[in-house]
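Notes follow once the structure below has been shown.
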Amino acid sequence: MNLSQFLLILRAHMKIILMIFGVTVAATLVVSLLLPKQYKASSSVVLNYKATDPVTGLMVTAQALPGYMPTQVNIINSRSVALAVIDNLKLVNEPSVKESYAASGTSTDMRNWLADILLRNLDAVASRDSSVIDITYKGRDPQFVATMANAFAEAYQQVSMQLKLDPTRKASAYFNDQIKVLRDNYEKAQVKLSKYQQDHGITNLDNRMDVESNRLNDLSTQLVMAQGALSEAQSRRQAAGRAQDSPDVNANPLVQNLKANLAASEARFEQAAKRLGKNHPDYMNAKAEVDGLRAQLAAAVSATSASVGTNATILQKREAEVRAEFDAQKQKVLELNRTRDELSVLSRDLDSAQRAYELTAQRYMQTNLEGQSNQSDISILATAVPPTSPSSPRIVINLILSMFVGFVLGVAAALGLELINRRVRSEADLVEGLGLPVLGSIAVPSMDGKRDRRLILGRGSRSLPA
């Protein structure tokens with residue numbers, strides 16, 4: 001079907017098209033006039049969102065929460081907000097509401113029944129690139145729809161604030177319980193540290209540690225010196241066993257003096273022995289002098305050797321005493337180190353318990369104040385006013401749409417009738433339908449005075465009324 005054939009079909013069924021068009025427009029006009037007038041009122045709210053985690057206290061921006069605005073729209077459309085509106089306006093006490101509820105025969109309680117009805121006429125739309133939400137309510141009474149739009153905005157504020165305060169109050173109760181536990185832990189840590197200091201007599205451990213460490217260093221120096229002196233004394237004692245080789249014996253002034261006197265006496269004795277006989281008094285005196293000096297020298301050597309051994313014994317005992325004091329001081333310092341480590345652990349436990357208690361107390365005060373706050377993050381940007389003109393029915397728009405629909409229906413009806421009873425409307429229809437060439441056409445007047453067309457075919461042709 002080409003355009004000319006389509007136009008011919010429309011021309012042939014023009015009456016039907018116009019009839020359907022007129023019926024559609026008329027029906028639309030009648031229905032639009034008979035429909036009750038509907039009014040819409042809108043109230044706008046703006047969200048100043050600042051989210052704080054009730055446990056960590058960290059700030060979270062609204063942009064970091066995907067789906068935040070759709071969530072707020074769902075809250076507005078929730079049953080909780082509708083019930084808040086009913087309670088705020090005390091709608092369940094209205095006689096008309098009671099009569100409607102009684103006539104409904106529903107088993108649902110009045111508040112929820114009324115909430116379902118209110119939510120049907122509510123529409124909340126969030127702006128795409130802003131934090132503004134438009135709350136629209138529709139109904140038959142202009143004053144009522146404005147009142148309901150404003151009531152839903154206020155109820156949304158209340159419910160949103162309640163949703164924010166409930167977690168904060170729960171967190172406050174949680175911190176309150178934790179404060180008691182942490183306070184007990186802090187007090188136990190204090191008692192444990194104090195008892196440990198009393199048991200070990202600790203007043204100033206750092207000063208005592210410095211004193212004991214210095215004493216240990218001094219004893220270490222004394223021990224090294226005592227060991228050196230003992231080693232030297234033991235070497236001298238071993239050498240004192242051979243008096244003639246002992247440096248201590250040879251260096252003794254008395255021994256040296258006796259040796260010198262003995263040498264002189266022996267020299268005189270040798271001279272007397274050469275000159276005198278054994279029974280001569282001078283000989284005997286010289287010999288007695290030599291024997292006496294030798295006895296004195298032996299006694300001096302023996303006494304000197306004994307003193308060297310005694311000195312070694314004394315030094316050995318002194319070294320043992322210094323070693324014992326050094327070991328005892330070392331154990332004391334090690335015990336102080338262990339005590340200091342244990343005291344440090346107890347001090348750190350006390351500091352940790354105190355820090356945890358202080359942080360928890362600070363968070364408790366913050367959440368407690370937030371739980372008592374009645375400031376909402378939602379502000380009413382614009383209140384609804386009673387509309388002056390109805391939002392529906394829109395007669396002009398409905399008529400324009402009915403014209404379009406009526407024309408489409410008329411065209412569809414014409415095409416349907418043409419498909420049911422196909423007629424020859426032009427030479428092209430005859431060529432396509434019979435496959436014969438057209439030799440010519442003549443126009444004849446119709447019964448109503450208008451010209452009609454009759455097609456004359458060629459060889460073996462016949463005429464078909466158009």
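Coordinate-derived values only; no laboratory data. Note that the structure is a prediction, hence the values are computed from the model and not measured. As a convention, Cβ positions derive from the backbone with ideal geometry for all residues, glycine included, and neighbour counts pool all protein chains shown.
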Checklist entry - Which whole-Hz ³J(HN,Hα) couplings does the stretch 104-119 yield from phi under the Karplus relation 6.51 cos²θ - 1.76 cosθ + 1.60, θ = phi - 60°, glycine and proline marked x? => result 5, x, 7, 8, 6, 5, 4, 5, 5, 4, 5, 4, 4, 5, 5, 5
Checklist outcome for this item: So, over other residues within a Cβ distance under 13 Å of Ala149, counting Lys, Arg +1 and Asp, Glu -1, the net charge is -2
Item to check | Between the stretch 1-25 and the stretch 384-402, the alpha-carbon center distance in angstrom | outcome: 31
Checklist entry - Whose amide H sits under 5 Å from the amide H of Ala124, counting only residues 5 or more places off or on another chain, with H placed in the peptide plane? => result Thr136
Checklist entry - What residues have an amide H closer than 5 Å to that of Leu381, excluding those fewer than 5 places away on the same chain, when H is modeled at 1.01 Å from N in the peptide plane? => result Ser44, Val45, Val46
Next on the checklist: Using a Förster radius of 25 Å, what is the FRET efficiency between Ser231 and Glu325 based on their Cβ-Cβ separation? Nearest 0.05, please.
Outcome noted: 0.85
Checklist entry - Can you give the FRET efficiency for Asp116 and Lys15, using 1/(1 + (r/R0)^6), R0 = 51 Å, r = Cβ-Cβ distance, to the nearest 0.05? => result 0.55
Next on the checklist: How far apart, in nanometres, would the label points at Leu401 and Ser130 be if each is projected 7 angstrom from Cα along the Cα-to-Cβ direction?
Outcome noted: 2.8
Checklist entry - Roughly what would the spin-label model give for Ser220 and Thr383, points 7 Å off Cα along C-beta, in nm? => result 8.7
Checklist entry - If r is the Cβ-Cβ distance from Met161 to Glu187 and R0 is 45 Å, what FRET efficiency results, to the nearest 0.05? => result 0.75
Checklist entry - Roughly speaking, what is the centre-to-centre gap between the stretch 109-130 and the stretch 139-181 when only Cα atoms are used, to the nearest Å? => result 16
Item to check | Label point at Leu409 placed 7 Å out along Cα→Cβ; residues across the stretch 1-28 whose backbone nitrogen lies under 12 Å | outcome: 17-28
Item to check | Full-stretch length increase - Arg348, Ser4 - with 0.36 nm per residue and alpha-carbon distance subtracted | outcome: 113.8 nm
Next on the checklist: Can you tell me the length gained on complete extension of the stretch Glu270 to Ile75, counting 0.36 nm per residue apart and subtracting the Cα distance?
Outcome noted: 56.2 nm
Checklist entry - Across the stretch 34-44, in residue order, what do the Karplus-derived ³J(HN,Hα) couplings come to in whole Hz, using 6.51 cos²θ - 1.76 cosθ + 1.60 with θ = phi - 60° and x for Gly and Pro? => result 7, 5, x, 6, 10, 10, 10, 10, 10, 10, 10
Checklist entry - Where does the charge balance sit around Lys37 when Lys and Arg score +1, Asp and Glu -1, over other residues with C-beta under 15 Å from its C-beta? => result +3
Item to check | Neighbourhood charge, 14 Å Cβ-Cβ cut-off, centred on Met284 and excluding it, Lys, Arg +1 and Asp, Glu -1 | outcome: +1
Checklist entry - In nm, what is the difference between 0.36 nm times the number of residues separating Ala263 and Arg394 and their Cα-Cα distance? => result 31.4 nm
Checklist outcome for this item: Pseudo-spin-label distance Gln197 to Leu369, built 7 Å along Cα→Cβ, given in nm, is 3.4
